[in-house]
Structures are given as structure tokens and as C-alpha cells.
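Enquirer: I have a structure I would like to understand better, so I am pasting it below and will then ask my questions one at a time.
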Amino acid sequence: MSNATQQFHFYDEITSMHTDHLNTHGILHFKQFVSSHTVRQLLYETKSVENFLLNKGASFVNGIPLKFGTDVNGTPLIQRIAFASQYSSILRDFLKSDRIQQLVKLLLPFDGRIGETEKDVFLLLTTI
């Protein structure tokens with residue numbers, strides 16, 4: 001494994017080792033940043049939001065178009081759900097958690113934040 005693909009564990013705060021690695025390699029990989037239980041919970045909540053939006057017949061959220069498709073069985077799905085946290089307290093609380101807010105420090109020296117109601121939000125979670 002090269003230095004650029006080094007994996008880190010997250011212990012409640014961003015350290016200088018993390019920011020140094022990010023600044024040097026342009027990537028920072030936290031292994032198991034959240035628990036598998038939390039990932040399952042977030043996926044369940046996202047699916048619930050998707051079902052709500054599909055049943056409502058929504059095509060936009062905050063002016064952002066939803067992208068639709070079908071799964072392998074032909075069942076409708078939303079390929080990109082905008083602003084899901086507006087429809088789930090669990091997703092909203094996760095975005096406001098200390099764990100996620102620590103990631104904003106990686107934007108320094110810029111004044112960063114997670115905008116839940118604007119067009120500049122993107123959050124990617126993996127279970128790698």
C-alpha cells in the first residue's frame with residue numbers, strides 16, 4: 001500500500017497528521033468512519049425518504065431536480081436524492097453530529113459548513 005492510500009482510523013477529531021496527509025496526497029481515507037449499524041440506519045432512512053418522495057410524486061427538492069431510474073427489477077428509484085436530511089431527523093442529526101462536523105475542519109483555511117438547504121451539499125458514505 002502506498003503512502004497516498006494509507007488508511008486512518010478516526011478517534012473523535014481531525015489531527016495534524018490527517019491534515020498533513022490530505023495536503024500532501026490529496027486524499028484522506030478513514031476506515032470504518034461510522035459503524036456498520038449507523039450505515040444500515042442511514043441507508044434505511046434514505047430509502048424511507050426515497051419512498052416518501054416517490055409516493056408524493058416529487059420531481060424537485062429546493063429547486064434541484066431528482067434523478068429517476070429503475071432497479072434491476074424495473075422498480076422506480078431515485079438515483080440522486082437532493083436534501084434528504086430535510087425529510088429525516090436521523091439524517092439531519094447525523095449531519096449535525098460532532099463526528100461529521102469535525103470533517104469541516106479539513107476545509108481550513110476556508111470557512112466551511114454543511115449547508116442542508118442549499119445547492120452545494122454532497123455527502124458520500126462508504127462501508128470500506
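Enquirer: Is it the case that L106 is closer than 20 Å to H18 by Cα, touching a Ser or Thr at 6+ places or on another chain (Cβ under 8 Å) and at pLDDT below 95?
Expert: In short, yes.
Enquirer: For L43, are the conditions met, namely being part of a helix (DSSP H, G or I), over 15 Å from the mean Cα position of the chain (by Cα), free of Cβ contacts under 8 Å to residues at least 40 places away in the same chain and under 17 Å from L91 (Cα atoms)? Lay out the reasoning, then the answer.
Expert: Numbers: part of a helix (DSSP H, G or I): yes; over 15 Å from the mean Cα position of the chain (by Cα): no; free of Cβ contacts under 8 Å to residues at least 40 places away in the same chain: yes; under 17 Å from L91 (Cα atoms): yes.
For L43, the condition - part of a helix (DSSP H, G or I), over 15 Å from the mean Cα position of the chain (by Cα), free of Cβ contacts under 8 Å to residues at least 40 places away in the same chain and under 17 Å from L91 (Cα atoms) - is not met.
Enquirer: For segment 52-62, name all the residues that are more than 18 Å from E116 (Cβ to Cβ) and surrounded by 13 or more Cβ atoms within 10 Å (Cβ to Cβ).
Expert: L54
Enquirer: Do the conditions hold for I27, that is, is it touching a residue at least 24 places away in the same chain (Cβ under 8 Å) and of a type in the set (V, I, T)?
Expert: Here the answer is no, as I27 does not meet what is asked.
Enquirer: Looking at segment 1-40, which of its residues are assigned to a helix (DSSP H, G or I) and of a type in the set (S, T, N, Q)? Working first, answer last.
Expert: Here is the first cut: in segment 1-40, the ones assigned to a helix (DSSP H, G or I) are 3-5, 16-25, 36-40.
N3, T5, S16, T19, N23, T24, S36, T38 - these are the residues of segment 1-40 that are assigned to a helix (DSSP H, G or I) and of a type in the set (S, T, N, Q).
Enquirer: Given the conditions (1) in contact (Cβ under 8 Å) with a residue 40 or more places away in the chain; (2) surrounded by 10 or more Cβ atoms within 10 Å (Cβ to Cβ), report the number of the one that P65 does not fulfil.
Expert: Unmet condition: (1).
Enquirer: Being of a type in the set (D, E, K, R), touching a Phe, Trp or Tyr at 6+ places or on another chain (Cβ under 8 Å) and surrounded by 14 or more Cβ atoms within 10 Å (Cβ to Cβ) is the requirement here; does E116 meet it?
Expert: Numbers: of a type in the set (D, E, K, R): yes; touching a Phe, Trp or Tyr at 6+ places or on another chain (Cβ under 8 Å): yes; surrounded by 14 or more Cβ atoms within 10 Å (Cβ to Cβ): yes.
Answer is yes for this residue.
Enquirer: Separate question: Which pairs have Cβ atoms under 8 Å, sit 6 or more apart or on different chains, and link a residue in segment 107-118 that is touching a residue at least 12 places away in the same chain (Cβ under 8 Å) to one that is in a loop (DSSP other than H, G, I, E, B)?
Expert: Listed by first residue and then by second, the contacts come to I114/V121; I114/L123; E116/F83; T117/N62; T117/F83; E118/N62.
The values are calculated or read from the model by the stated rules, or taken from the named source; none is laboratory data. None of the values given here were measured: they were computed from a predicted structure. Here the Cβ is made from the backbone with ideal geometry for all residues, glycine too, and neighbour counts use every protein chain on show.
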